[in-house]
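S.K.: I am attaching a structure below and will ask some questions about it afterwards.
Nothing in this text is a laboratory measurement; each read-out follows from the coordinates by a stated rule. This is a predicted model, so every value here is computed, not measured. Here the Cβ positions follow ideal geometry from the backbone for every residue, glycine too, while neighbour counts run over all protein chains shown.
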Amino acid sequence: MERADHDLAFMLKYENVAWYDGGEVRILDRRVYPAKTEFVVCKSHKEVAQAIKDMVTQSAGPFTAAPMGMALAAYECRDLSAQAQRAYLADAADTIANSRPTTAKRMRVFCDECLKAADEALESGADAAQAIVDRTVEMNDERYGLIDRIAHHLVKKFPQGGTVMTFCFAETIVGMMLRECRSTGKEIKLFCPETRPYFQGARLTATVCRDMGFDVTVISDNMPAFVMANEGVDVFTTAADAICMDGHVVNKIGTFQTAIVAKHFGVPYYVTGAPDFAHPTIDTVKIEFRDPEFTLQAMGVRTAAEGVKGYYPSFDITPPDLVTGVATPEGIFSPYELDKYVKATDGKYRVVV
């Protein structure tokens with residue numbers, strides 16, 4: 001059976017996101033890619049959790065790295081009794097799931113699936129680590145498949161020969177929407193704000209677009225208004241770290257201001273993903289703050305004088321009045337009518353990132 005990552009760019013292939021093998025997890029270091037193609041090698045599940053915290057991988061990358069970290073945890077405790085292995089894995093799940101506070105509830109879903117796979121393996125005498133790897137591939141296939149359906153709905157909103165602006169690195173949906181464009185013969189060009197301070201747009205989004213053969217232009221984060229005014233942008237689209245059931249969108253810092261600009265110029269904004277039942281209202285989301293020193297430098301080169309302070313909220317909140325629609329596997333819904341998505345899925349909770 002063909003895996004769901006077929007025909008996607010290098011960094012979207014499962015093995016190139018994060019992979020467990022032989023008592024270690026290799027994670028593509030997205031902090032330096034594509035200037036360097038390097039993998040951080042983790043020898044323990046705690047090192048995997050730290051790598052996620054340190055942004056070695058980001059966007060949807062942690063949702064592959066986390067279960068691979070669980071496979072490594074299973075390897076670490078393989079010589080213990082079945083009962084002790086279960087306890088060890090439960091502790092590992094807590095450590096890994098909470099490595100990033102804003103996405104902790106989603107990460108918990110993946111870790112819990114790993115615990116189920118390990119339980120089944122322990123009951124049958126199978127290798128728990130391999131069982132978790134196999135389940136991770138299944139989860140990735142399911143997740144990528146759902147995103148492929150999102151791409152099908154989203155791309156219908158792109159005019160032939162249209163111009164699309166993104167923000168941050170929307171991970172799998174970028175690859176899937178470009179694969180959908182290619183399969184349907186729809187030509188588009190893209191503008192990618194650089195997304196400081198990690199430059200995910202410049203380094204990751206733009207590289208995926210280039211690798212898949214599309215016209216892509218990188219702009220600085222203070223250019224979206226000028227570009228929308230002068231370059232005929234047809235659609236603004238992002239993924240989301242959380243889509244609350246009240247229609248608020250939590251995404252990389254800078255999304256909010258770009259959505260305001262899009263609203264001013266009449267450019268529709270479509271966020272992709274699945275409404276998050278774990279966040280009924282925006283009040284349930286904790287915004288993660290990172291090391292402010294990162295805002296005082298660019299790719300390791302200091303740009304501000306010593307003594308100047310930095311400020312680094314990782315995400316911002318876009319209210320529903322700035323969101324044209326939420327593109328989900330079940331179709332596109334108004335941010336004010338996400339209850340219709342719940343009905344369309346029969347209330348089944350899905351993590352789609």
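S.K.: Projecting each Cα onto the charge dipole of the chain (Lys/Arg +1, Asp/Glu -1 at the beta carbon, about the Cα centre), which of Met245, Gly307, Tyr198 comes out farthest on the positive side?
M.R.: Going by the Cα projections, it comes out as Gly307.
S.K.: Now a separate question. For the range 171-287, take N as its residue count and report Rg(C-alpha) divided by 2.2 N^0.38 Å.
M.R.: Values: Rg = 14.7 Å, N = 117, 2.2 N^0.38 = 13.4 Å.
Normalised Rg, Cα atoms only: 1.09.
S.K.: Convert 10 °C to kelvin, take the viscosity as 1.306 mPa s, use the Kirkwood radius over C-alpha pairs of the range 26-167 as Rh, and evaluate the Stokes-Einstein diffusion coefficient in µm²/s, rounded to a whole number. Could you put the intermediate results ahead of the total?
M.R.: Details: Rh = 16.3 Å.
This corresponds to a translational diffusion coefficient of 97 µm²/s.
S.K.: What dipole magnitude, in Debye to the nearest 20, does the range 156-344 give about its Cα centre under +1 on Lys/Arg Cβ and -1 on Asp/Glu Cβ? Working shown, then result.
M.R.: Working: 17 positive and 22 negative charges, 80 e Å.
Dipole magnitude for the range 156-344 comes out near 380 debye.
S.K.: Test of understanding: extend the Cα→C-beta vector of Ala35 to 7 Å, then name every residue of the range 196-234 with backbone N under 20 Å from that spot.
M.R.: Residues 196-211, 217-222 fall inside that zone.
S.K.: Put +1 on the Cβ of every Lys and Arg and -1 on every Asp and Glu Cβ in the chain; which of Thr95, Met139, His6 then has its Cα farthest towards the positive end of the dipole?
M.R.: It is His6, whose Cα lies furthest towards the positive end.
S.K.: Any chance you could check the Cα centroid distance between the range 91-117 and the range 2-48 for me, in angstrom?
M.R.: Cα centroid of the range 91-117 versus Cα centroid of the range 2-48: 18 Å apart.
S.K.: Work out the FRET efficiency for Thr217 and Thr284 from their Cβ-Cβ distance, taking R0 = 30 Å, and round it to the nearest 0.05.
M.R.: Working: r = 37 Å, r/R0 = 1.23.
With R0 = 30 Å, the Cβ-Cβ based efficiency is 0.20.
S.K.: By its C-alpha gyration tensor, with a ≥ b ≥ c as the square roots of the eigenvalues, how is the range 1-48 shaped: rounded for a/c under 1.5, else prolate for a/b larger than b/c, else oblate?
M.R.: Oblate is the answer for the range 1-48, as a/c is 1.5 or above yet b/c matches or exceeds a/b.
S.K.: Starting from 0.36 nm per residue, how many nanometres of slack lie between Val308 and Arg182 once their C-alpha separation is accounted for?
M.R.: On the way: separation 126, 0.36 × 126 = 45.36 nm, distance 4.71 nm.
That works out to 40.7 nm of additional length.
S.K.: Given the pairs Lys116/Lys348; Lys186/Lys263; Lys105/Lys157; Lys43/Lys252; Lys36/Lys157; Lys189/Lys340, which span a C-alpha to C-alpha distance of over 28 angstrom in this model?
M.R.: Values: Lys116/Lys348 18 Å; Lys186/Lys263 25 Å; Lys105/Lys157 31 Å; Lys43/Lys252 30 Å; Lys36/Lys157 35 Å; Lys189/Lys340 32 Å.
Violating the 28 Å limit, Cα to Cα: Lys105/Lys157; Lys43/Lys252; Lys36/Lys157; Lys189/Lys340.
S.K.: Continuing with this model, one more query. How big is the Rg/Rh ratio for the range 283-353, C-alpha atoms only, Rh by Kirkwood, two decimals?
M.R.: Details: Rg = 18.8 Å, Rh = 15.7 Å.
So for the range 283-353, dividing Rg by the Kirkwood Rh gives 1.20.
S.K.: Suppose every Lys and Arg Cβ carries +1 and every Asp and Glu Cβ carries -1, with no other charges. What dipole size does the range 10-145 come out with about its Cα centre, to the nearest 20 debye?
M.R.: On the way: 17 positive and 21 negative charges, 137 e Å.
That gives a dipole near 660 debye.
S.K.: Let me ask something else about it. Check which residues have an amide H placed less than 5 Å from Gln297's amide H, if you skip close sequence neighbours.
M.R.: Thr303
S.K.: Which of rounded, prolate, oblate describes the range 221-334, given a ≥ b ≥ c as roots of the alpha-carbon gyration tensor eigenvalues and a/c under 1.5 marking rounded, otherwise prolate only if a/b is larger than b/c?
M.R.: Verdict is oblate for the range 221-334.
S.K.: Another question about this same structure. Find the Cα radius of gyration of the chain, compare it with 2.2 N^0.38 Å by division, and give the number to two decimals. Don't skip to the answer; put the middle values down first.
M.R.: Working: Rg = 20.0 Å, N = 353, 2.2 N^0.38 = 20.4 Å.
In units of the 2.2 N^0.38 Å rule of thumb, it is 0.98.
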